[in-house]
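Only one structure is covered here, and it is reproduced in the block below.
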Amino acid sequence: MDSNQPRPVTPQPPQGGRGGNGGGGGGGSGFSAILAVFLSFIAIFVMMMNQSPSTIRNGLSILHQVPEGHVGVYWRGGALQKTITDPGFHLKLPFITHYEPVQVTLQTDQVRDIPCGTKGGVMINFEKIEVVNRLHKDYVHDTLLNYGVQYDNTWIYDKIHHEINQFCSSHSLQQVYIDVFDQIDEKMKDALQGDCTRYAPGIEIISVRVTKPTIPESIRRNFEQMEEERTKVLIAIEKQRVVEKEAETSKKMAISEAEKIANVSKILMEQKLMEKDSARRQQEIENQIYMAREKSLADAYFYRVLKEAKANKLKLTPQFLELKFIEAIADNTKIFFGEKIPSMFLDQRLLGNFLQQLSRNVPEEEKSTA
């Protein structure tokens, strides 16, 4: 076909037919979408009106911060999520995801105004009981899933009320107020921890502090008077103990002084005995020396006398005796000078008899010696 020839013209449909109907359908769809969005905003507005301001801010926010000592817990459409976030900044979907910080460090819950009746029917009131507790991080999801964010209402506040009433109903006022008051802390702690370990293991009860309960004024005055009398008795007992201690101290001091004197006397006596014993030993040694010396002298004298006796025996000869006799007579001879000189008479018979007897004895001794 030649390109210079004119092309055939295709007839066009009228402008007001199908195009007009199509435009009407598009307007209906847009109205429905606008109505759905409007209803959605109304529903969100109603939901926001039923929430607290903090919850509204929480729902509108995208960026949120988990403080230190807490973990972040999330709900989506009312369902608790398993996601647990650490402290710091995190992101979430507004209006869809709800966020709550849950403390996992030590916290103190104060339970106030706990009325209870004692075994005797007296009404008393515990103004404040403090419970130091902690929720372990690993049990946050299970605890919140079973008991909600306000889990401490169930296992601390309500439980304290129950346990205090149980304790008071089984004890008298005297026991609750005075006798076993120091045991209430431990009993409450054991009771709380026992149930938490059984039903909510993530909750750890650290300690429980119980303040003195408020009792009726008349009974309180009676207790004060009893305490005053008890104090007087204790003062008297303490005075008696002081006197007894002073007497015991004086006695111990006297005993100590007597023991010291006795020990000194004993030491002096031992010293004197030692001196006496030393002197006795010294005297014994001197006596032994003296006895040895005297014995030696006696032995020497005996030996000398014995030798002299033997020597004298050897000298006992008639000639020696005659010589000695003559010497003895000569020693007794007196010389007289004068006109009349006395005559000297010598009895020759005495000398002769003595010499004869001596001559007979000497041979007999020589024989016996031989």
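The values are calculated or read from the model by the stated rules, or taken from the named source; none is laboratory data. The structure displayed is predicted, hence computed values, not measured ones. Positions of Cβ are generated from backbone atoms using ideal geometry, with glycine treated the same way; all protein chains shown enter the neighbour counts. Remember, those area values only see protein heavy atoms, side chains included, never the ligands or the DNA or RNA. Shrake-Rupley method; radii C 1.70, N 1.55, O 1.52, S 1.80 Å.
So the values come out like this:
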{"quantity": "Contact order normalised by residue count of the range 55-211, Cα under 8 Å, 6+ apart, percent", "calculated": "22 percent"}
{"quantity": "Contour excess over end-to-end distance, with Cα ends at Gln107 and Ala300 and 0.36 nm allotted per residue", "calculated": "57.9 nm"}
{"quantity": "Heavy-atom accessible area ranking, 1.4 Å probe, most first, across Val305, Val243", "calculated": "Val243, Val305"}
{"quantity": "Volume of the Cα convex hull of the range 157-254, divided per residue and given in Å³", "calculated": "149 Å³"}
{"quantity": "Candidate lysines - alpha carbon under 21 Å from Lys307, same-chain residues fewer than 8 apart omitted", "calculated": "Lys295, Lys315, Lys324, Lys367"}
{"quantity": "Long pairs among Lys128/Lys187; Lys119/Lys159; Lys232/Lys252; Lys159/Lys189; Lys159/Lys187; Lys128/Lys212, criterion Cα-Cα beyond 18 Å", "calculated": "Lys119/Lys159; Lys232/Lys252"}
{"quantity": "Potential lengthening between Val243 and Leu273 on full extension [0.36 nm per residue; Cα-Cα distance subtracted]", "calculated": "6.4 nm"}
{"quantity": "Cα-based convex hull, the range 208-255, per residue volume (Å³, whole number)", "calculated": "79 Å³"}
{"quantity": "Paired Rg and Dmax values of the range 273-322, which use every Cα atom, in angstrom", "calculated": "21.1, 69"}
{"quantity": "Protection-proxy order for peptides 164-170, 283-289, each taking the mean of Cβ atoms within 10 Å per residue, highest first", "calculated": "164-170, 283-289"}
{"quantity": "Radius of gyration and Dmax over the Cα atoms of the range 76-161, both given in Å", "calculated": "17.7, 59"}
{"quantity": "Extension gain from Asn222 to Lys266, taking 0.36 nm per residue of separation minus the Cα-Cα distance", "calculated": "9.5 nm"}
{"quantity": "P(r) tail fraction, the range 251-302 - alpha-carbon pairs more than 13 Å apart, %", "calculated": "71 percent"}
{"quantity": "Percent of C-alpha pairs per 5 Å bin, the range 223-324, short to long", "calculated": "3, 8, 7, 6, 6, 6, 5, 6, 4, 5, 4, 5, 4, 4, 3, 4, 3, 3, 3, 2, 2, 2, 2, 1, 1, 1, 1, 0, 0"}
